[in-house]
Amino acid sequence: MSALAKFGKQPWLWAWVGAIAVWAATAAYTGGTGSGQVMSAALTFGAFFVIVALGQMFVITLGPGNVDLSVPACMTLAGTVAMKSMDGSGAMLPLGLLLALAIGLSVGAINYSLIRLLRIPPIIATLSSSFIYQSAAIWWNRGLRVKPPTELAEFTTAKIAGIPVIALCVVVLAAIGHVVLTRTLYGRGVIAIGQNPRAAHLAGVKVERIRAATYMLSATLAGLCGYLLAGFSGGAALNMGEEYLLSSIAVVVIGGTSVAGGYANVPGLWGAALFLFLLVTMLNTMGAGAGVRLVLTGLIIIGVIVAASGGKRTT
């Protein structure tokens, strides 16, 4: 098989094809007006999706039944605690970031403890624990919306040559995630567990240690996203993570990661994140009603996933 043919069978390729297609369709519909601004916005919001999807990807790669539904609540709790602790002071930025990451790490540890010690299925454990985290955020926030430090707000909205700085940073983060997945013992262990947990155990892979690290990684990235999103949106809100519940999973699946576990890739995450944002933007631009948008979004996403499923599963 030629290199070009092999490249064409990569499942993540279709997410990028879909993103470019809907962007081109939007540009054609508007005569090119505002197409640059649309792509800039897509890169900004796509960056937030990629952060949480990166952690979710590692969890899903562990195999069937593994998913982290506590992402939205973790984002809310981390963003709320960080913003209130910093209280608008730029000097407190390192502390706010440290708190957000620590909260994410703790959430991941709690999630895994429920799964391992109480033998609760991951989907139930992370969903039920999310109510506790959300309640903690409500208690901590007391209904107030604390503004982020000016320095954080400026960082999350800054651009270099029209490209959002946060997008550039997340590209680096994604590259690190790719290296971790493909070049480290941990990443190869995640893939091995997803393919066959028993065989991985017999091969010497520390299955439960890797599962614990993976859930903590997912929640830590969610905490980081909550911190950055609160800075971007002018403060932490109690519903700030809602759209990331299903979106974090959709980005992973559309990006070419197998829901059966054992196969994942990072490049598809960016393509899928851009695709989802640009798709909604295109339908809004064309004046589609809410019901039509939902139906068309679902059909197009299904089409991309079906097209991607034609690729061979490789590691």
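The values are calculated or read from the model by the stated rules, or taken from the named source; none is laboratory data. Note that the structure is a prediction, hence the values are computed from the model and not measured. Note that each Cβ is placed from the backbone with ideal geometry, even for glycine, and that neighbours are counted across all protein chains shown.
Criterion applied to M216, M240 was being at pLDDT below 95 and in contact with a Gly (Cβ under 7 Å, 6 or more places away or on another chain), and the one residue passing it is M240. Checking each residue in segment 282-315 for being modelled with pLDDT under 75, β-branched (V, I, T), surrounded by fewer than 16 Cβ atoms within 10 Å (Cβ to Cβ) and outside any loop (DSSP other than H, G, I, E, B) picks out only V306.
Look at (1) modelled with pLDDT of 95 or more; (2) surrounded by fewer than 22 Cβ atoms within 10 Å (Cβ to Cβ); (3) assigned to a loop (DSSP other than H, G, I, E, B) and you find that L101 fails only one, number (3).
Taken over segment 113-134, the residue count meeting the criterion of being touching a residue at least 60 places away in the same chain (Cβ under 8 Å) and over 17 Å from M216 (Cα atoms) is 1.
For the residues V207, V190, the requirement of being closer than 21 Å to N111 by Cβ, surrounded by fewer than 21 Cβ atoms within 10 Å (Cβ to Cβ) and of a type in the set (V, I, T) singles out V207. Being under 14 Å from L229 (Cα atoms) and either in contact with a strand residue (DSSP E or B) (Cβ under 9 Å, 6 or more places away or on another chain) or part of a helix (DSSP H, G or I) (or both) holds for only one residue in M75, M39, and it is M75.
Any idea which residue in segment 245-281 is modelled with the lowest pLDDT, counting only those that are part of a helix (DSSP H, G or I) and of a type in the set (G, A, S)? Spell out how you get there, then give the answer.
Step one: of segment 245-281, the residues part of a helix (DSSP H, G or I) are 245-254, 267-281.
Filter once more, so that each one left must be of a type in the set (G, A, S): 247-248, 250, 268, 271-273.
On the way: S247: 85, S248: 89, A250: 88, G268: 91, G271: 93, A272: 92, A273: 94.
My answer is S247.
For segment 197-221, a residue qualifies if it is over 22 Å from the mean Cα position of the chain (by Cα) and at negative phi, and the qualifying residues are P197, R198, A199, A200, H201, L202, A203, V205, K206, V207, E208, R209.
Inside segment 157-173, can you point out the residues that are surrounded by fewer than 20 Cβ atoms within 10 Å (Cβ to Cβ), part of a helix (DSSP H, G or I) and in contact with a Leu (Cβ under 8 Å, 6 or more places away or on another chain)? Break it down stepwise before answering.
Here is the first cut: in segment 157-173, the residues surrounded by fewer than 20 Cβ atoms within 10 Å (Cβ to Cβ) are 157-163, 165, 168-169, 171-173.
Subset that is part of a helix (DSSP H, G or I): 157, 165, 168-169, 171-173.
Within segment 157-173, L173 is the sole residue that qualifies.
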